[in-house]
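The values are calculated or read from the model by the stated rules, or taken from the named source; none is laboratory data. Remember, it's a predicted structure, so these values are computed and weren't measured experimentally. Cβ atoms come from the backbone with ideal geometry, glycine included; neighbour counts cover every protein chain shown. Only protein heavy atoms, including side chains, enter the accessible area calculation; ligands, DNA and RNA are left aside. Shrake-Rupley method; radii C 1.70, N 1.55, O 1.52, S 1.80 Å.
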Amino acid sequence: MTVKETLNDGLKRGYEIKITAAELDAKVLEKLKEAQPEVEMKGFRKGKVPMAMMKKQFGPKVLGEAMQESVDGAMNTHLETSGDRPAMQPEMKMANDEWKEGDDVVVNVSYEALPVVPEVDFTNIKLEKLVVKADDASVQEALTSLAETAKNFDDRKKGAKAKDGDQVIFDFLGKVDGEPFEGGAAEGHALELGSGQFIPGFEEGLIGVKAGEEKNVEVTFPADYNAEHLAGKVAVFECKILNVKEPKTSEIDDEMAKQFGAEDLAGLKGQITSKLEEEYSGAARAVTKRALLDELDKMVSFELPPSLVEAEAGQIAHQLWHEDNPEVEGHDHPEVETTDEHTKLADRRVKLGLLLAEIGQKAEIQVSDAEFTQAVMNQARQYGDQARQFFEFVQKNPQMQQQIRAPLFEDKVVDHIVEAASMKEKEVNKDELQKAVEALEEE
């Protein structure tokens with residue numbers, strides 16, 4: 001078996017792997033001998049089937065396996081010896097399309113090798129950390145917002161008509177084709193008009209009702225309603241209005257604080273302060289991370305595998321196209337062409353991706369199982385009742401697992417670099433921080 005170099009141009013590599021017919025035949029014979037003790041065939045005892053019959057019966061299948069194993073083995077040995085790391089899956093092609101048993105096997109292999117990534121002295125990196133304190137005005141603004149969400153309702157004057165935003169207390173009985181249906185009745189139900197809790201048209205039908213009156217509200221269930229027996233059906237709800245209440249913003253006091261799980265107003269203010277500063281810290285970290293990546297981009301230069309840049313540019317172009325055409329959900333659309341701008345952005349992403357991967361590998365940075373599981377759980381919460389299905393999907397999908405692990409790994413590498421870099425804190429207000437974050441989005 002021989003491996004001969006045919007191309008060495010920048011990161012492009014080409015090799016010819018040759019396996020002689022004799023070597024391949026010996027490999028086939030070796031595999032047949034390994035299997036012989038367990039083979040049974042009519043007329044022969046287990047393990048006593050003649051090799052000639054074994055080769056006739058199983059030869060073609062074993063030949064394919066032996067050929068694949070020989071080529072893979074030669075390739076693995078070459079990579080271990082050369083130290084090359086292919087940027088993408090190597091392309092392999094038989095040199096002789098009309099190969100037949102008894103011929104030598106010649107395979108042409110080509111790939112792009114990952115480049116040698118230069119060392120970076122992190123102590124030469126100078127960064128700025130924006131620090132924002134939660135001031136009294138911000139805390140008060142948050143309290144006011146909470147008070148609006150914690151609004152109470154007071155009785156309207158007798159005979160007052162219900163308006164959008166009011167709360168209506170009522171009994172109702174729903175019927176389809178004159179017959180009550182399961183789950184279509186309740187007593188003393190409280191509904192905020194305009195909240196969208198009921199099917200379309202129902203809440204609008206209660207605008208203008210008064211306490212003590214009765215009204216029938218006719219609606220049509222959506223065609224995709226989750227109860228199939230009601231989907232698309234016309235229903236009449238017989239409603240008896242018990243009371244009409246108008247919204248009243250909660251007082252910012254200890255009682256309101258208790259609605260949000262705090263012991264008193266002071267405790268709620270403390271929670272809000274911590275939450276705001278946590279949000280500010282997260283935003284400031286994003287600004288610092290971008291500054292770090294910008295510094296690394298300027299400090300480091302090395303040749304990039306064209307295949308990785310091309311693939312990344314295509315992905316960027318495709319993503320941006322979908323952002324501009326949100327109505328197209330699938331991939332049934334015209335081919336998206338990449339531009340110089342896409343390629344420029346792809347160059348940066350590929351370079352920084354390879355650099356961070358190299359730094360992380362040398363620093364032996366790992367994403368622990370606990371960190372990964374926590375990240376999956378955080379994402380699963382977004383799916384509500386389907387959280388368990390999402391969790392199970394991730395467990396069975398290696399590609400999805402990699403998509404979750406990749407940003408966790410990147411963040412840990414960034415933290416590793418930041419620890420060694422020169423960091424200077426700068427106290428700013430929330431408006432200045434907001435401008436810095438908006439600047440990131442514009443780039």
Debye sum, Cα scatterers, region 1-61, no solvent: what log₁₀ I/I(0) at q = 0.14 1/Å? -0.55
If the cut-off is a Cα-Cα distance under 16 Å, which lysines reach Lys4, setting aside same-chain residues fewer than 8 apart in sequence? Lys12, Lys18, Lys93
Enter the accessible area of Asp72 (Å², nearest 10), with the probe set to 1.4 Å and all protein chains included. 60 Å²
Give the distance, in whole Å, between the Cα centre of region 109-145 and the Cα centre of region 378-436. 12 Å
If one computes P(r) from the Cα atoms of region 216-274, what percent of pairs lie at distances over 20 Å? 60 percent
If you look for lysine pairs in region 27-89 that are eight or more places apart or on different chains, how many of them have Cα atoms under 12 Å apart? 4
Once you've got the GNM for the chain with C-alpha springs shorter than 10 Å, pick whichever of Glu425, Glu392, Glu278 has the biggest mean-square fluctuation. Glu392
In straight Cα distance, which lysines are under 29 Å from Lys215, not counting same-chain residues fewer than 8 positions off? Lys151, Lys157, Lys158, Lys161, Lys163, Lys175, Lys233, Lys240, Lys245, Lys248
Please list Val367, Val116 in order of solvent-accessible area, largest first, computed with a 1.4 Å probe with all protein chains present. Val116, Val367
Gyration tensor verdict on region 207-337 (Cα atoms; rounded if a/c is under 1.5, prolate if a/b is larger than b/c, oblate otherwise): oblate
So if we plug the beta-carbon distance of Asp155 and Met1 into 1/(1 + (r/R0)^6) with R0 = 60 Å, what FRET efficiency do we get, rounded to 0.05? 0.05
How much length would be gained if the chain were fully extended between Thr220 and Ala387, taking 0.36 nm per residue of separation minus their Cα-Cα distance, in nm to one decimal? 57.1 nm
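Shape verdict for region 63-196, please, from the Cα gyration tensor: rounded (a/c under 1.5), prolate (a/b greater than b/c) or oblate. Working shown, then result.
Working: a/c = 7.30, a/b = 2.02, b/c = 3.61.
The shape class here is oblate.
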May I ask for the net charge around Gly184, where only other residues with Cβ less than 13 Å from the Cβ of Gly184 are counted and Lys, Arg are +1 while Asp, Glu are -1? -4
Only one of the listed values, (i) 24.1; (ii) 37.0; (iii) 29.4, was derived from the coordinates as mean projected area of the Cα convex hull in nm²; which label is it? (ii)
For region 399-407, just list the computed ³J(HN,Hα) in residue order, Karplus coefficients 6.51, -1.76 and 1.60, θ = phi - 60°, integers in Hz, with x standing in for Gly and Pro. 5, 5, 4, 5, 5, 7, 5, 4, x
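Over the chain, with the other protein chains present, what is the accessible area per residue in square angstrom, probe 1.4 angstrom?
Value for the chain: 64 Å² per residue.
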Would you kindly calculate the mean projected area, averaged across all directions, of the convex hull enclosing the Cα atoms of region 175-218, in square nanometres? 3.7 nm²
SASA check, Thr77, accessible area w/ 1.4 Å probe, all protein chains in place, rounded to nearest 10 Å², comes out at 80 Å²
Round to the nearest 10 and report in Å² the accessible area of Asp9, as given by a 1.4 Å probe over the protein chains' heavy atoms. 100 Å²
Hey, with R₀ at 56 Å, roughly what FRET efficiency would Gln197 and Gln366 work out to, going by the Cβ-Cβ distance, to 0.05? 0.75
Among Arg285, Arg381, Arg13, which one shows the biggest mean-square fluctuation in a GNM of the chain, springs joining Cα atoms closer than 10 Å? Arg381
What is the total of Lys pairs in region 255-299 with C-alpha atoms under 27 Å apart, excluding same-chain pairs fewer than 8 positions apart? 4
How many lysine pairs in region 379-437, separated by 8 or more positions in sequence or lying on different chains, have Cα atoms less than 30 Å apart? 7
